[in-house]
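Novice: Encoded as structure tokens, here's the structure I'll be asking about.
The values are calculated or read from the model by the stated rules, or taken from the named source; none is laboratory data. A quick note: this is a predicted structure, and the numbers were derived from the prediction, not measured. Positions of Cβ are generated from backbone atoms using ideal geometry, with glycine treated the same way; all protein chains shown enter the neighbour counts. The area values use the complete protein model at the heavy-atom level, side chains included, leaving out ligands, DNA and RNA. Shrake-Rupley method; radii C 1.70, N 1.55, O 1.52, S 1.80 Å.
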Amino acid sequence: MSSSRTMVLIGVGTSGCRLAHRVSASFDSAIRCLNCDTDAVSGQLGQDFVLLGGNRLAGRGAGGDIVAARMAVEESVGGIDPNLEGARLAVIVTSLGGGTGGGATLEILKHLASRGIPSIVFATLPFAFEGEDRQRNSRGIMRMIEDAANASFFVSMDRLTKTTDNMKAAFAAAEATLAESITFFWRLVESPGYLRLDAERLRHVLSRAGRGRFAAVTIQGDGRADEAVDLLLRSENLAGGTAATRSILCGILAGDDLRLTEVGIVANGVRKAFGETAQFELATVNDEYAFAGRLSVVVMLFEAGGDTEPGKPKKVTSVLAPGAQNRGRFHNSESTLWHGENVDEPTYLRKNITLDF
Ligand SMILES: Nc1nc2c(ncn2[C@@H]2O[C@H](COP(=O)(O)OP(=O)(O)OP(=O)(O)O)[C@@H](O)[C@H]2O)c(=O)[nH]1
Ligand SMILES: [Mg+2]
């Protein structure tokens, strides 16, 4: 079975569904994607959709109530089973701060574990201005997700949108940056490259993953491989580990112009910087359509882990660092224009601001 059938993307909650939709759109909806929400509006996005707690919440959302969302999943979790047939790995994308993103994600993770399906979670944490209550609830849920998932990555909305002053652009920028990071990750497994990481290999790496971090950078032009390594070295989140790195997942995504020397520069640079004795998984994607002229590098670092069986959750704490990017986005997705500006492009890129992740 190809990876496109063995890896499933699950959007949870209203913002999570929007993010999953966005990732799916990057692949012209050709990936296996399921959206789950207590709000019927997410069913209009076009992906397979499971309405959670329809009897209880009548498709109007959980209204910020995490407990109601958890109960809604208990009632409806069987509805996601047809979409899990043959799945060997689940990637959940969600936003913490409301009821469904947090509460439903926890229950879905339990369900995945009961079926022996390993899980990776990408989640946003609320803006500071959303208030201390949401922040506190989200931190609590974050710790529970860490325990329930095989690997999890969290990034605050503030960090995704650091310098923006326009609400609509802020959300669009956050969505674009996070969706692009997840899309890179997905392409590593999905797209044929000369060095291939398939879902089975990823499942194996994750089953033994420990504390981890994540960064993605995109560069083009002369010296792009050296520059990518340099940016990764300076990424605060990759540097902030608390234990020795046990495994490194390094993905290189480029067009047909990817040179062997560039693969060497990135692989050696990453290994040297983040753990020469760590298990090192290298994957390349050669996709001229999506990456012509560009070089993107994704690095995931996992710290000391045990030998947990696939699907059995273990504690993994990660910070998602979307990383500095000096060039745009995928060629095959439409830009969102707002007052003449491409708001899909994060504000710090449009305004030429350097971020200190
Ligand atoms: N990316 C993105 N994030 C958003 C948007 N609106 C809100 N958020 C963030 O997502 C968090 C969760 O909000 P929702 O997704 O609306 O909540 P939910 O999971 O659907 O939960 P309930 O609506 O209470 O059932 C918020 O606290 C915000 O930080 C948006 O339009 N785009
Ligand atoms: Mg909602």
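Novice: Of all residues in the range 1-44 being away from ligand 2 (no atom under 13 Å from the Cβ), open to solvent by 20 Å² or more (accessible area, probe 1.4 Å) and among the hydrophobic types (A, V, I, L, M, F, W, C), which is farthest from the chain's Cα centre (by Cα)?
Specialist: So the residue we want is MET1.
Novice: Quick one: in the range 97-112, which of the residues that are closer than 13 Å to ASP37 by Cα and within 12 Å of ligand 2 (Cβ to nearest atom) is surrounded by the fewest Cβ atoms within 10 Å (Cβ to Cβ)?
Specialist: GLY99
Novice: Kindly establish whether GLY63 is within 16 Å of ligand 2 (Cβ to nearest atom) and loosely packed, with under 15 Cβ neighbours inside 10 Å. Please lay out each step first, then the result.
Specialist: Values: within 16 Å of ligand 2 (Cβ to nearest atom): yes; loosely packed, with under 15 Cβ neighbours inside 10 Å: yes.
Answer is yes for this residue.
Novice: Looking only at the range 129-151, which residues are more than 10 Å from ligand 1 (Cβ to nearest atom) and over 30 Å from LEU249 (Cα atoms)? Break it down into steps so the answer makes sense when it comes.
Specialist: Step one: filter the range 129-151 for residues more than 10 Å from ligand 1 (Cβ to nearest atom), giving 132-133, 136, 139-151.
Matches in the range 129-151: GLU132, ASP133, ARG136.
Novice: Is it fair to say VAL77 is in contact with a strand residue (DSSP E or B) (Cβ under 9 Å, 6 or more places away or on another chain), of a type in the set (Val, Ile, Thr) and buried (at least 21 other Cβ atoms within 10 Å of the Cβ)? Steps first, answer last, please.
Specialist: On the way: in contact with a strand residue (DSSP E or B) (Cβ under 9 Å, 6 or more places away or on another chain): yes; of a type in the set (Val, Ile, Thr): yes; buried (at least 21 other Cβ atoms within 10 Å of the Cβ): no.
The answer is no for VAL77.
Novice: Is it fair to say SER156 is open to solvent by 10 Å² or more (accessible area, probe 1.4 Å) and more than 16 Å from ligand 2 (Cβ to nearest atom)? Reasoning before the result, please.
Specialist: Values: open to solvent by 10 Å² or more (accessible area, probe 1.4 Å): yes; more than 16 Å from ligand 2 (Cβ to nearest atom): yes.
For SER156, the condition - open to solvent by 10 Å² or more (accessible area, probe 1.4 Å) and more than 16 Å from ligand 2 (Cβ to nearest atom) - is met.
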